[in-house]
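*Asks:* Below: one structure in structure tokens.
The values are calculated or read from the model by the stated rules, or taken from the named source; none is laboratory data. Only a predicted model underlies this, so the values are computations on that prediction, with no experimental measurement involved. Note: ideal-geometry Cβ built from the backbone for every residue, glycine included; neighbour counts use all protein chains shown.
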């Protein structure tokens, strides 16, 4: 009979947060498996302030240009549309440069949109290349026969109702995603089921002083930030980077930041009604222009 020697190699488990002593000596609650992480353990999920600053300056610079002509997807010297702005901004965040502002196309295939240039296709390419892992969703509620109902694409009645409230807080969804991590986290955001694309940058370096910055190509978001004295400032004539808080009005007020949840509800309601006509009146609503639905993806560094 031959004896076979089984050699067991030691496996070194890398613990990303906490010490090995804590990992092996912290009692676990019986009968409950730990919830799987929505983010990769192999990629950084927070960014350096220098990377965020570079991305911010791109948004502000892009928003300073004239609006892209309606009959054009891209012309040099004009402001990029939302999806092209987001593609370039993420590439700036990751690599420090992007050819998209000058040529529309990137040298990196993940940031190109030759065939499918929409936020869903961009998110798919980012996921396939491990720049995002999973997404979160926020759905909307409508009022039907005096009761709150969830708006669903599968329901031909509810899907035609105007959004009146969010099922859950977007702000709390961001905080749940980052957990106890500290730093800057950047989220790709699909507003009104892909009708608009934007980025949200959460500053969670100090849990007692949380802020989120909305960034896109429009002139609906003035450059607003808190100075070193913790006073809200607004740079006149500059757009593309607006600080928001957990609570606050959906409109811009002097000395008061907008609330992320209230603004997101307002944005989805506005896009849902947007007829696309010049000087459209507030009560001129093209009901159901887009489906009220939010998706967010947390970006992971290369």
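*Asks:* Here are some residues: 157, 149. Which one is exposed (fewer than 13 other Cβ atoms within 10 Å of the Cβ), free of Cβ contacts under 8 Å to residues at least 40 places away in the same chain and in contact with a strand residue (DSSP E or B) (Cβ under 9 Å, 6 or more places away or on another chain)? Before you say what the answer is, go through the steps one by one.
*Replies:* On the way: 149 fails: exposed (fewer than 13 other Cβ atoms within 10 Å of the Cβ).
It is 157.
*Asks:* Right, next: Hey, could you check the range 182-199 for residues that are buried (at least 16 other Cβ atoms within 10 Å of the Cβ) and part of a loop (DSSP other than H, G, I, E, B) and say which is farthest from the chain's Cα centre (by Cα)? If you could, list the steps in order and put the result at the bottom.
*Replies:* Step one: of the range 182-199, the residues buried (at least 16 other Cβ atoms within 10 Å of the Cβ) are 183-199.
Subsequent filtering for residues that are part of a loop (DSSP other than H, G, I, E, B) retains 183, 192-195.
Numbers: 183: 16, 192: 13, 193: 13, 194: 12, 195: 14 Å.
For the range 182-199, the residue satisfying everything is 183.
*Asks:* In the range 55-81, which residues are in a helix (DSSP H, G or I) and either touching a helix residue (DSSP H, G or I) at 6+ places or on another chain (Cβ under 6 Å) or crowded, with 20+ Cβ neighbours inside 10 Å (or both)? Can you show your working first?
*Replies:* Filtering the range 55-81 for residues in a helix (DSSP H, G or I) gives 55-63.
If the condition is that a residue be in a helix (DSSP H, G or I) and either touching a helix residue (DSSP H, G or I) at 6+ places or on another chain (Cβ under 6 Å) or crowded, with 20+ Cβ neighbours inside 10 Å (or both), then 55, 56, 58, 59, 62, 63 are the ones that fit.
Residue-wise test of (1) under 15 Å from residue 257 (Cβ atoms); (2) at pLDDT 95 or above.
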{"residue": "169", "(1), (2)": "no, yes"}
{"residue": "178", "(1), (2)": "no, yes"}
{"residue": "201", "(1), (2)": "yes, yes"}
{"residue": "212", "(1), (2)": "yes, yes"}
{"residue": "218", "(1), (2)": "no, yes"}
{"residue": "226", "(1), (2)": "yes, yes"}
{"residue": "230", "(1), (2)": "yes, no"}
{"residue": "233", "(1), (2)": "yes, yes"}
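*Asks:* Are any of the residues in the range 129-144 modelled with pLDDT under 95 and part of a helix (DSSP H, G or I)?
*Replies:* The answer is no; no qualifying residue exists.
*Asks:* So, in the range 282-294, exactly how many residues are at pLDDT 95 or above and surrounded by fewer than 18 Cβ atoms within 10 Å (Cβ to Cβ)?
*Replies:* 0
*Asks:* Looking only at residues that are in contact (Cβ under 8 Å) with a residue 60 or more places away in the chain and either surrounded by fewer than 18 Cβ atoms within 10 Å (Cβ to Cβ) or in contact with a strand residue (DSSP E or B) (Cβ under 6 Å, 6 or more places away or on another chain) (or both) in the range 112-132, which one is farthest from residue 186 (Cα to Cα)?
*Replies:* Taking the range 112-132 and keeping what is in contact (Cβ under 8 Å) with a residue 60 or more places away in the chain, we get 118-120, 122-123, 126-127, 130-132.
With the extra rule that they be either surrounded by fewer than 18 Cβ atoms within 10 Å (Cβ to Cβ) or in contact with a strand residue (DSSP E or B) (Cβ under 6 Å, 6 or more places away or on another chain) (or both), the set shrinks to 118-120, 123, 127, 130, 132.
On the way: 118: 19, 119: 15, 120: 17, 123: 14, 127: 15, 130: 15, 132: 11 Å.
Going through the qualifying residues, I end up with 118.
*Asks:* Looking at this structure, is residue 89 surrounded by 13 or more Cβ atoms within 10 Å (Cβ to Cβ), farther than 23 Å from residue 178 by Cβ and modelled with pLDDT of 95 or more? Working first, answer last.
*Replies:* Numbers: surrounded by 13 or more Cβ atoms within 10 Å (Cβ to Cβ): yes; farther than 23 Å from residue 178 by Cβ: no; modelled with pLDDT of 95 or more: yes.
For residue 89, the condition - surrounded by 13 or more Cβ atoms within 10 Å (Cβ to Cβ), farther than 23 Å from residue 178 by Cβ and modelled with pLDDT of 95 or more - is not met.
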